[in-house]
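Undergrad: Questions regarding the structure given below will be posed in turn.
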């Protein structure tokens, strides 16, 4: 990925959504391990003061990660930047597709074929 702020935005979004917790040295998102590259970003969020870890009884306790006020501001800035980036400008609507519902012989695809193989009537395909 070329955008260094992308991983930061992803990590901030996950913390903002409320599912990230730390167990020993691993980060979990809704109970599932996060990718290694995000673990580094979560650590950086804590070091910079944009996120905080809840207190735990021991190193092995599950501790929830929360955004601080500064982290919420940074997340809002990144969301705004993402909304106004040229790659996310409004995309024109795609026109509805037009399908030809007739076979080359002029029958509709849903018409029953009078003599299907095996002597049974069926639909044309």
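Undergrad: Could you count how many residues in the range 50-80 are exposed (fewer than 12 other Cβ atoms within 10 Å of the Cβ) and assigned to a loop (DSSP other than H, G, I, E, B)?
TA: 5
Undergrad: Suppose we filter the range 54-89 for residues that are at pLDDT 85 or above and out of contact with any helix residue (DSSP H, G or I) (no Cβ under 6 Å at 6 or more places or on another chain); how many remain?
TA: Within the range 54-89, the subset at pLDDT 85 or above is 54, 62-80.
The next check asks that each one be out of contact with any helix residue (DSSP H, G or I) (no Cβ under 6 Å at 6 or more places or on another chain); those that pass are 54, 62-64, 66, 68-74, 76-77, 79-80.
Count: 16.
Undergrad: Now for a different question. Determine which single condition residue 28 fails, assuming it passes every other condition in (1) assigned to a helix (DSSP H, G or I); (2) at pLDDT 75 or above.
TA: With respect to (1) assigned to a helix (DSSP H, G or I); (2) at pLDDT 75 or above, residue 28 is out only on (1).
The values are calculated or read from the model by the stated rules, or taken from the named source; none is laboratory data. In this text, all values refer to a predicted model and were calculated from it rather than measured experimentally. Positions of Cβ are generated from backbone atoms using ideal geometry, with glycine treated the same way; all protein chains shown enter the neighbour counts.
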